[in-house]
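Down below is the structure, laid out as structure tokens.
The values are calculated or read from the model by the stated rules, or taken from the named source; none is laboratory data. From a predicted model like this one, the values you see are computed outputs, not experimental measurements. When we count neighbours, we look across all protein chains shown, and the Cβ atoms used for this are built from the backbone with ideal geometry, even at glycine. The protein model used for the area step is the full one, side chains on, heavy atoms only, and it has no ligands, DNA or RNA in it. Shrake-Rupley method; radii C 1.70, N 1.55, O 1.52, S 1.80 Å.
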Amino acid sequence: MAGAHYFSPDPDTPLIRRQVEVELAGRRVEVTTSGGIFSPDGIDKGTAVLLQRAPTPPQQGALLDLGCGWGPIALTMAQLAPQAAVWAVDVNERARTLCRENAEALGLDNVTVAAPDEVGEEVRFAGIWSNPPIRIGKAALHDLLLTWLPRLTPGGEAWLVVQKNLGADSLQRWLSEHLSAEYDVDRPASQKGFRLLRVERSSP
């Protein structure tokens, strides 16, 4: 099934590692990918838009890559904010394994790779970047976002990239309606059929 990696903690296909050359934070690097995860051939179009258009992440505190896959977002944040603690979270065990291997290979010791339930309830995030798994369905997606977005610190921002024809505009409206008044939701950029949504939690 297309997008099955979003549902499967452990893919049912063999883990066959392969090297892919990509550019992360202006640096050409080799990363390890495999089938059974999201975008094994490199950086997908939506993630590329996010990495090009999102501002530099906060330099301190904890940062979250929600749905990390093999790690393009987490690895980028870790390079751009070396003093921050980057959490790379995914339900897919293989994705976590590869993301961890890629962080180690790039010498990024500020990346912690974890399953969702391995992130302590006390952890709060100064920034969240995500290419969220739209194809899991609206109910599951809404539950996912309402679980993690409220963990932004005051003044923190989440940057989400969503394909326009997969409901980016309706998701923006839904977030505006269902997050509390201390959150501001807007759409700072559109590019190549994708919307870049920003969710900012107001400072006290």
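For the reader, a short list of remarks on this structure follows.
- According to the Cα-based calculation, Rg over Rh for the range 31-74 is 0.99, with Rh computed by the Kirkwood formula.
- Net charge of the neighbourhood of residue 192, taken over other residues with C-beta under 14 Å away and scored Lys/Arg +1, Asp/Glu -1, is +3.
- Modelled label reach - residue 30, point 7 Å along Cα→Cβ, the range 78-117 residues with backbone N closer than 19 Å: 98-108
- Here the chain exposes an accessible surface that is 48 percent carbon and sulfur, computed with a 1.4 Å probe and the other protein chains kept in place.
- Nonlocal amide H pairs with residue 128, under 5 Å, H built at 1.01 Å: 64, 157, 158, 159
- Proximal charge balance of residue 123 [Cβ under 14 Å; K/R count +1, D/E count -1]: -3
- Measuring r between the beta carbons of residue 101 and residue 169 and using R0 = 30 Å, the FRET efficiency lands at 0.20.
- Accessible area expressed per residue, the range 35-125, with surrounding protein chains retained (probe 1.4 Å, Å²): 40
- Computed over the chain with a Gaussian network model linking Cα atoms closer than 10 Å, the most mobile of 188, 14, 82 is 14.
- Cut-off 9 Å between beta-carbons: net charge of the residues surrounding residue 169, Lys and Arg +1, Asp and Glu -1: +4
- Shape of the range 71-191, Cα gyration tensor, a/c cut at 1.5: prolate
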